[in-house]
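Read the figures in this text as sums done on the coordinates, not as results from a lab. Treat the numbers as computed from the prediction; the structure is a model and nothing was measured. Glycine also receives a Cβ, built like all others from the backbone with ideal geometry; neighbour counts cover every protein chain displayed.
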Amino acid sequence: MTWIEAIILGLVQGLTEFLPISSSAHIRIVGEFLPSGADPGAAVTAITQIGTELAVLIYFWRDITRIIARWAGSLAGRVPASDPDARMGWLIILGSLPIGVLGILLQDWIDTEFRSLWITASMLIGFGILLALADRLGRQRKTLDQLTVRDGILYGFAQALALIPGVSRSGGTITAGLAMGYTRKAAARYAFLLAVPAVFASGFYKLAQVVAEPGQQGPYGMGETLLATVIAFVVGYLVIAWLMRFITTNSYMPFVWYRIVLGLGLFVMLSAGWITA
């Protein structure tokens with residue numbers, strides 16, 4: 001049965017990682033309704049995200065390799081520091097620091113208190129409202145070549161909020177980008193690029209912990225976790241392609257309403273005792 005559960009978790013991870021609806025919240029919630037009835041755990045969430053980030057690497061391969069090449073060239077003096085791609089490389093590094101530092105400092109909370117479904121429901125609704133306000137009121141004029149150090153830092157702290165299930169990594173960074181005046185497409189694109197270092201670092205860190213202490217991956221073995229990761233990669237790639245087309249002509253409001261309805265439904269289920277926090 002755990003293999004079937006792994007397939008379900010992989011599908012959920014791939015479907016929700018790039019949409020601003022919080023993949024970690026969905027993994028946490030879905031775990032309550034699986035036959036095992038257990039929280040899949042932060043380790044499973046982090047490891048399966050390796051699959052979805054591989055999808056980012058492939059989808060944005062040209063952008064990523066160009067940014068790395070220009071950034072490395074700036075270190076060697078072959079590319080001016082003002083080059084947009086070289087600057088992007090530095091800003092992605094800078095923006096990755098908040099989630100890296102806070103992820104280490106708050107590791108015990110991330111694995112325990114932050115996974116309370118009461119917190120998840122609150123974050124789904126609260127950040128859904130913030131996304132709606134940013135999407136409605138943001139000027140949506142700036143492109144990524146206008147990214148500044150200040151904006152890069154703010155993006156980084158917005159991403160760090162995703163350590164709490166229900167916030168959403170893409171949702172937090174997209175909300176920040178819209179609030180700072182970036183276009184919907186630019187905000188989403190940078191959210192995906194910024195996530196690459198943090199997600200790979202978190203995923204491989206958790207993977208190393210699981211290899212050293214196999215019991216840390218929760219109710220699923222390494223085989224099931226790897227199956228979920230592969231499925232998350234395939235589904236995640238398709239979702240990226242769909243979302244980048246969707247936001248060229250549509251707002252983020254469908255995701256806002258989904259977050260609010262899911263959060264309210266979660267409150268009802270918790271209050272009725274149908275699931276435990």
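Quick notes on this structure:
- Size of the chain from its Cα atoms: along the principal axes, largest to smallest, the extents are 57, 43, 34 Å.
- Region 128-155 and region 249-265: distance between their alpha carbon centers, rounded to Å: 19
- Each residue of region 135-143 was assigned a 3J(HN,Hα) from its phi angle through the Karplus expression (A = 6.51, B = -1.76, C = 1.60, θ = phi - 60°), giving 5, 7, 9, x, 6, 6, 10, 7, 10 Hz with x at Gly and Pro.
- Candidates Gly51, Gly14, Gly77: whichever shows maximal mean-square fluctuation once the chain is modelled as a Gaussian network with Cα springs under 10 Å: Gly77
- For region 139-277, alpha-carbon Rg relative to the globular expectation (2.2 N^0.38 Å, N residues): 1.23
- Sum of side-chain charges, Asn250 neighbourhood, beta-carbon under 14 Å (Lys, Arg +1; Asp, Glu -1): +3
- Size of electric dipole in region 86-152: Cβ of Lys, Arg +1 and of Asp, Glu -1, about Cα centre, debye, nearest 20: 460
- For Gly181, the amide hydrogen comes within under 5 Å of the amide hydrogens of Arg139, Gln140, counting only partners 5 or more places away or on other chains and with H modelled in the peptide plane.
- Of Ala162, Ala25, Ala208, the one that fluctuates the most in a GNM where the chain has Cα springs shorter than 10 Å: Ala208
- Remark on region 19-124: hydrodynamic radius 16.5 angstrom, per the Kirkwood mean of 1/r across alpha carbon pairs.
- With contacts taken as Cα pairs under 8 Å and at least 6 residues apart, the chain reaches a relative contact order of 36 percent.
- By the helix-only formula, in which each DSSP H run with n ≥ 4 contributes -39500 (n - 2.57) and the sum is divided by residues, the chain has a 222 nm mean residue ellipticity of -24500 deg cm²/dmol.
- Residues considered: Arg150, Arg115, Arg87. Largest GNM mean-square fluctuation over the chain, using C-alpha springs under 10 Å, is found at Arg150.
- Size of charge dipole - the chain - debye, nearest 20, with Cβ of Lys, Arg +1 and Asp, Glu -1, no other charges: 1160
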